[in-house]
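The values are calculated or read from the model by the stated rules, or taken from the named source; none is laboratory data. These numbers come from a predicted model, not from an experiment. Note that we place each Cβ from the backbone using ideal geometry, even for glycine, and neighbour counts take in every protein chain shown. In case anyone asks, the SASA skips ligands and DNA or RNA and just uses the protein heavy atoms, side chains included. Shrake-Rupley method; radii C 1.70, N 1.55, O 1.52, S 1.80 Å.
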Amino acid sequence: MKKRALACLLAVSLVVPAATACHDSSERTATVDNEAIGYDPKEAVKDFEFGELNDTEKDYTIEMGYFNCDHMVGSIIGEKAGIYEALGLKVNVTKSAETLKGMTSGQVDVGYMGIEGAIRAANQGAPFFMAAGNHVGGSRYFVASNDIKDASEIEGKTLAISAEPNIDPEWITWSGKLGISDQPDAYNIVNMSQQDAMFALKAGQIDGFTCCDPYASIAEFEGFGHIMAIGWGAADVNSESTADQWGLCCIYAMASEFQEKCPELARRLVYAHTKAIEYMYLHPYNAAMMFADGFDVDPYVGLRTIYMKTVAEGRTITWQFSEKNVDNYIHYFTQYPQIPEEEIPRLDNVQAFLNTNLLSEVNADDFETFIKDNIDAEFPVGMTFEDWYNKAKAIDGISDEEAIDISKTATSYLNKDLADRAVID
């Protein structure tokens, strides 16, 4: 395997803003006031049956963590939309790459995290469980430099990808569809975070990387990279797949001890999670601005990211989940016999980890019914980015003068259906 250390590559901090180019959001908050768009968080949670708080819960500040990835946007919306406050929750929301470690050590009460790391931690006795769904499908991207015009040009390049692509289901799938090697010695593989990889691609130090958003959207928005492949975390699915066909990507996890000592706060948190996701679908323009503020990216990137999550890729953000979703995720690995058994993230105790009790206790709406009744007619799957943007503006009463201008960007082709992309799996 060819590897190259990046200590010298990144020894000097790359002073590259993550949000530049067409819009400048540094002087204002992109998020629109809830009152201006006609949203009342207290009205939104009026049907919740509040229970009594015990002595521990009355002054308890909940520690919530989320990773720097678009799949975790519900945490930000719950805070910025006033949903936590409306439910009487005091939540300290922290963006951190150490959320999984925090939950394992007991320092974090509830967190948004990737399913693979969560499964491996749970199998080792980590004291948390999956309290709600969060992101199915697992939309991740392979972003290449603009110098790479054709997939045949990828081999031999410096890439920030899995160190062992030959046993990684994502890369095996992509390489098969792109007609390139899945062997590690076909590339110069480097190890770096998604954010560092984005900066390195912009600086011309690497030729491609795998990531979630906002990094792929930033690369395309600023024009220094383009998406060559999209992965869904399951086999044989696409934007029109049904709920039970998806795999899992990211989950809403809760510490077992927290639920035991703060049962009412646990109920309210899960309900807040469902309402945050509803907000994202019902008020996508403002949700995008919240994302932009929370992730410190250009508002255009926020718009594009919410569009991808709620329309282009299907309804991939959801609070519901089933054991079938876990089975689909595991099959993403088992479909390839070359992946060793020890590399397959199987759950040792499915029933203990998957816990739908809180969703049942709070009478959470059925996600599919919510989408059918409230979203499908306004934002059908497959509508173009431009049409989605115009509808989102209208719903939230955003005037053309107030709205983020999307007419002059580095990615005008986003107005085409996502199906026009080179690889969709």
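So the values come out like this:
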read-out	value
Residue-span extension gain [Ser407 to Glu323] - 0.36 nm each, minus C-alpha spacing	25.9 nm
Shape box of region 312-416 [Cα atoms, principal axes, largest first, Å]	55, 41, 21
Pair-distance profile P(r), taking every C-alpha pair of region 29-148, with 10 angstrom steps and integer %	11, 33, 33, 17, 4, 1, 0
For the chain, accessible area per residue (1.4 Å probe, heavy atoms of protein chains only), Å²	41 Å²
Rough spin-label spacing in nm, given labels placed 7 Å along Cα→Cβ, for Glu153 and Thr384	2.7 nm
Förster-model FRET efficiency, 22 Å R0, Thr61 and Ser256, C-beta, rounded to 0.05	0.70
DSSP-defined beta bridges in the chain - what % are antiparallel, rounded to 5	60 percent
Cα Rg, Dmax (largest Cα-Cα span) when computed across region 215-365, Å	17.7, 50
Base-10 log of normalised Debye intensity for region 140-261 (one unit scatterer per alpha-carbon) at q = 0.10, 0.12, 0.14, 0.18 Å⁻¹	-0.35, -0.49, -0.63, -0.94
Equivalent ellipsoid semi-axes, region 112-203, via Cα gyration tensor eigenvalues times 5, rooted, Å	29, 15, 13
Inverse of mean 1/r across different Cα pairs in the chain, Kirkwood, Å	22.0 Å
Scaled radius of gyration (Cα, divided by 2.2 N^0.38 Å) that region 172-229 gives	1.15
Cα-derived Rg over Rh, computed across region 49-98 with Rh taken as Kirkwood radius	1.03
Å³ per residue enclosed by the Cα convex hull of region 280-372	162 Å³
Selection of chymotrypsin sites (Phe, Trp or Tyr not before Pro), region 102-188, meeting DSSP coil and at most 16 other Cβ within 10 Å	none
Whole-Å semi-axes of the ellipsoid equivalent to region 190-278 (Cα gyration tensor, √5λ, descending)	34, 19, 13
Peptides ranked, highest mean first, by Cβ atoms within 10 Å: ranges 217-230, 77-90	217-230, 77-90
